[in-house]
Amino acid sequence: MTPFDMHDQDKRLFSPSALRNRGPILDVLKAHLPPQARVLEVASGSGEHAIHFTASMPGWQWLPSDPTLRACQSIAAWREHGGMGNLREPMMLDVTGQWPEETFDAVVAINLLHISPWEVTPALIAEAAAHLVDGGRLVIYGPFMRDNRHTAPSNAAFDDDLRARDKRWGIRDLGDLTTQAERQGLTLDRVVEMPANNLSLVFHKRPSEDVYK
């Protein structure tokens, strides 16, 4: 089975990993986001996370986005098939490009950083910091190294496979993300152990006056 399987009769994409991890990720989001929140999801992929999250939390106004037309079409199809009123139309967004002229209570990135060039990581953190309200959350989910060591042999093998497919890809180190975040006024609040040797990283935006002290 491929990471994304197209439904025969419409444009919806189906991701086996999204089906497995959407519940645990939702638990993290519910623990750290208020019940009423404006959320931007970058690299939304199939849109299955967005559908699941907005159905569970009607107070979240969720803006899904992706840099690819195929993914945006899938999100739109999911939204038409059974989307809630709090799920907005998808927008095409490259993390390293122009972001929407809005502020958000949270920015969410799921399984993005290890399948993108390094420059996506500082861009995500900087743009999130610029578009979050004070106290807003940046939540990043995926596999990460800690102290430049893999957290499991399976992650080390996965990292080798990623780099063989594209030398710009690879599992990032938590320390590198924390350093980038601190430079942008974001503080790491929680590191949540997740199934399949993944982590959820929860950052909050410090008030602007604290950043420049």
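Checking Val95, Val39, Val28, Val133 one by one, the residue that is in a loop (DSSP other than H, G, I, E, B) and of a type in the set (A, V, I, L, M) is Val95 and no other.
Within the stretch 69-128, the set of residues being of a type in the set (Val, Ile, Thr) and in contact with a strand residue (DSSP E or B) (Cβ under 8 Å, 6 or more places away or on another chain) comprises Ile75, Val95, Thr103, Val107, Val108, Ile110, Thr121, Ile125.
Only one of the listed residues (Phe203, Phe158) is aromatic (Phe, Trp, Tyr) and over 16 Å from the mean Cα position of the chain (by Cα). That residue is Phe158.
For beta carbons closer than 9 Å, sequence separation of 6+ or different chains, a first residue in the stretch 91-116 that is free of Cβ contacts under 8 Å to residues at least 40 places away in the same chain and of a type in the set (A, V, I, L, M) and a second that is open to solvent by 20 Å² or more (accessible area, probe 1.4 Å) and outside any helix (DSSP H, G or I), the qualifying pairs are Met92/Pro67; Met92/Thr68. Out of the residues in the stretch 54-93 that are at pLDDT 95 or above and among the acidic types (Asp, Glu), which is farthest from Leu124 (Cα to Cα)? Step by step, filter the stretch 54-93, then rank; the result is Glu89. Of Ala50, Ala43, all but one fail to be at pLDDT 95 or above, of a type outside the set (Asp, Glu) and on the phi > 0 side of the Ramachandran plot; the exception is Ala43.
Conditions tested, residue by residue: (1) closer than 22 Å to His49 by Cα; (2) modelled with pLDDT of 95 or more; (3) surrounded by 15 or more Cβ atoms within 10 Å (Cβ to Cβ).
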{"site": "His114", "(1), (2), (3)": "yes, yes, yes"}
{"site": "Val120", "(1), (2), (3)": "yes, yes, yes"}
{"site": "Ala128", "(1), (2), (3)": "yes, yes, yes"}
{"site": "Gly135", "(1), (2), (3)": "no, yes, no"}
{"site": "Gly142", "(1), (2), (3)": "yes, yes, yes"}
{"site": "Arg149", "(1), (2), (3)": "no, yes, no"}
{"site": "Gly185", "(1), (2), (3)": "no, yes, yes"}
{"site": "Asp189", "(1), (2), (3)": "no, yes, no"}
{"site": "Pro195", "(1), (2), (3)": "yes, yes, no"}
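Tell me, which residue of the stretch 151-169 that is of a type outside the set (A, V, I, L, M) and in contact with a helix residue (DSSP H, G or I) (Cβ under 7 Å, 6 or more places away or on another chain) is surrounded by the fewest Cβ atoms within 10 Å (Cβ to Cβ)? Among those residues, the one meeting the criterion is Ser154.
Here's the yes/no breakdown for (1) in a strand (DSSP E or B); (2) open to solvent by less than 20 Å² (accessible area, probe 1.4 Å):
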| position | (1), (2) |
| --- | --- |
| His49 | no, yes |
| Pro64 | yes, yes |
| Trp78 | no, no |
| His81 | no, no |
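The values are calculated or read from the model by the stated rules, or taken from the named source; none is laboratory data. Bear in mind that the values here come from a model prediction, so they are computed numbers and not experimental data. Every residue, glycine as well, gets a Cβ built from its backbone with ideal geometry; the counts of neighbours run over all protein chains shown. Protein only, heavy atoms only, side chains kept; ligands, DNA and RNA dropped before computing areas. Shrake-Rupley method; radii C 1.70, N 1.55, O 1.52, S 1.80 Å.
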